[in-house]
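Worksheet: one structure, shown below.
Just so it is clear, none of the values below were taken in a lab; they were calculated from the coordinates. Bear in mind that the values here come from a model prediction, so they are computed numbers and not experimental data. Cβ coordinates were reconstructed from backbone atoms using ideal geometry, including for glycine residues, and neighbour counts include every protein chain displayed.
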Amino acid sequence: MDDRIHMGAGEATLTADDDGRTPEDRAFLKQNGEALVIRLFAASKTLRLYDLNNRATQRVLAEVMESLARIMEREGRIFIRSSNDFLLLNEYRIPVEPQHYGPFEFWVGEMKKREVEAIEIGSMTSTKDIGTFLSEFAKVEPGENACSEIEQRLKAAEVESIAVTRYIERATQLTDVKRVKTDVRQESNRVYFRTVALMGNVLRTAEEKQILQVRKAKRLTQQMVDIIQGDESMLLGLASIKNFDAYTFAHCVNVCILSMLIGDRMRLEKADVARLGLAALMHDIGKTYIPATILNSTGKLTDREWELMKYHTFFGVKELSRANALREAVDSMFVAVQHHVHYNDNGYPQRTGGWKLRLFSRIVTVADYYDAMTAWRIYQKEPITPDQALLFILQNSGNIFDPFVVKVFIHAMGLYPVGTVVELDQGEIGVVTRQNGDVKLLHRPVVETVRNEGDRAVREAIDLAERDPDGNYVRTITRALHESQVDIDRRLIFLADTTSDAEQV
Ligand SMILES: [Fe+2]
Ligand SMILES: [Fe+2]
């Protein structure tokens, strides 16, 4: 069975990206944008080994030219922009199949290092111009002046058909930060708790054997994709609070959020990220068939009980087959059966008959383990901090987990995920509220400290990427703590209604 993500014809309503493009336009840009990025990558690598006139170089450059001509003919322009770790072709965000992640990561990284936001290629371009551009681009050392140096080199080499634009921080965005932040918090809270409530209903109705409201769940996951594509920090923060009363339901929502984050960072199409979210949300739905005495048992299960427990995978399919939108539930059925199958074929149920472990299932396995491990009240005897859970996942990469999924997950979560309680080098205790985006800053997120002044809670945001005039980092994390070890309430930071009286410093 092919485990690539397919787009069914009926998914058109899901893919409306409000950019005025038809599904055919988007399919064209996806296919040709992906090919262009891969070919530019191949050409850039070849030019490191051979000169411009070499036959191998000429061959890869001819392929680049072919892609450019095709795009130019239909679109009339070629504008490649990097934004939030994605590449956009003529403002269309190019989704990427996992096997092509490398070339995209390469270009996003190389452009970022040279502060190049966009590359524009004109219709009069030539093989020589492209070749010269790629080799000059590679020769320029990363840094602040890199972009203007590229411009100068292009001018000196008389390349007029290609222009680069330097990344500029947009002042307009900054003025709105505060308002946007509040909106994101409220919107994240609204969607998160609605989905938790829905899962409460779904799991209850499963017990009462009513019909599963797949479409309603789908609407909520679509709203979550919108949030994740904008600013996921608040949703991750909510997912890090594990001591809600309704944790059983929240677990499904957390796995859904984490899976969609992975899917989004893999650059899957928006509609596919939503499908993944829905499947993740339903992964444990078969547990409604398992008696509560077994589910909530804190002691060791008997062999018989354990065998029954393992059956929640098949019960999931049974439950989903009763859904009111069967076609929408197909991905969920695969995930329900496969989410406990390990990458190395251990786990359960046993893989027989040659069926493939699907990408959605491999993603949900990582998300499921991470959420379960960090919710120690339910599943663990000892408290585990998020960074320890990540370490476990990293140590079992290629064994329990798909290494590619692990890599994307860790890039997205940072070494100290949002919600981690940390101690800083000057003794302050804080909570990680957002990542700094850059791979080199995985251990330097933004931390918020909360201290009480009288009855008021005063919050301070500390960016650990900040350096002093000598170039040394101002603050550093010394260790992660478990929430049971400190007196800090993450609810204060991530819940909408309790934050209104906290003052931002
Ligand atoms: Fe499960
Ligand atoms: Fe689970």
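Note on the chain: helix-only mean residue ellipticity at 222 nm, from DSSP H runs of 4+ residues weighted -39500 (n - 2.57) and normalised by residue number, equals -16000 deg cm²/dmol.
Rounded to the nearest 10 degrees, the inclination of helix 101-113 to the longest alpha-carbon principal axis of the chain is 60 degrees.
For Phe392 and His482, the FRET efficiency from 1/(1 + (r/R0)^6), where r spans their Cβ atoms and R0 equals 22 Å, is about 0.90. Sorted ascending by nearby beta carbons within 10 Å, beginning with the fewest, Met260, Met72 become Met72, Met260.
Using the 2.2 N^0.38 Å rule of thumb for compact globular proteins, work out how the stretch 13-168 stacks up: its C-alpha Rg over that value, please. It would help to have the intermediate numbers written out before the result.
Numbers: Rg = 15.2 Å, N = 156, 2.2 N^0.38 = 15.0 Å.
After normalising by residue count via 2.2 N^0.38 Å, the value is 1.01.
Evaluated at q = 0.11, 0.17, 0.20, 0.25 Å⁻¹, the base-10 log of the normalised Debye intensity for the stretch 421-504, with identical point scatterers placed on the Cα atoms, takes the values -0.31, -0.72, -0.95, -1.29.
Can you work out D for the stretch 62-132 in µm² s⁻¹ from Stokes-Einstein, where Rh is the Kirkwood radius over C-alpha pairs, the temperature is 10 °C and the viscosity is 1.306 mPa s? Please list the in-between numbers first.
On the way: Rh = 13.0 Å.
Value of D from the Cα-based Kirkwood radius: 122 µm²/s.
Partner lysines whose Cα lies under 19 Å from the Cα of Lys45, excluding those fewer than 8 positions away in the same chain, are identified as Lys112, Lys113, Lys128, Lys139. Helix 127-139 and the long axis of the chain differ in direction by around 60°, with both axes built from C-alpha atoms. Taking a Cβ cut-off of under 14 Å around Glu428, the surrounding Lys, Arg, Asp and Glu residues balance to a net charge of -2, with basic ones at +1 and acidic ones at -1.
Net length available on complete extension from Glu63 to Leu326 is 90.4 nm, with 0.36 nm assigned per residue and the Cα-Cα distance removed. Pairs from the list Lys300/Lys356; Lys242/Lys287; Lys218/Lys287; Lys407/Lys440 with a Cα-Cα gap above 26 Å: Lys300/Lys356. For the pair Lys216 and Asp438, label points projected 7 Å from Cα toward Cβ lie 4.7 nm apart. Each residue, Lys318 and Leu52, gets one label point 7 Å from its Cα in the Cβ direction; the gap between the two is 7.0 nm. Stokes-Einstein diffusion for the stretch 173-413, with the hydrodynamic radius set to the Kirkwood value over Cα pairs and evaluated at 10 °C in a medium of 1.306 mPa s, equals 87 µm²/s. With Rh defined as the Kirkwood radius, the inverse of the mean 1/r over Cα pairs, the Rg/Rh of the chain is 0.99.
Put in order of Cβ neighbour count within 10 Å, fewest first, the listed residues Asp368, Asp425 become Asp425, Asp368.
Taking 0.36 nm per residue of separation and subtracting the current Cα-Cα distance, fully stretching the chain between Glu73 and Glu97 would add 6.2 nm.
Would you mind ranking Glu120, Glu141 by Cβ crowding within 10 Å, fewest neighbours first?
Numbers: Glu120 14, Glu141 9.
Starting with the residue having the fewest Cβ neighbours, the order is Glu141, Glu120.
If the chain linking Asp25 and Tyr348 were pulled fully straight, counting 0.36 nm for each residue of separation and taking away their Cα-Cα distance, it would gain 112.1 nm.
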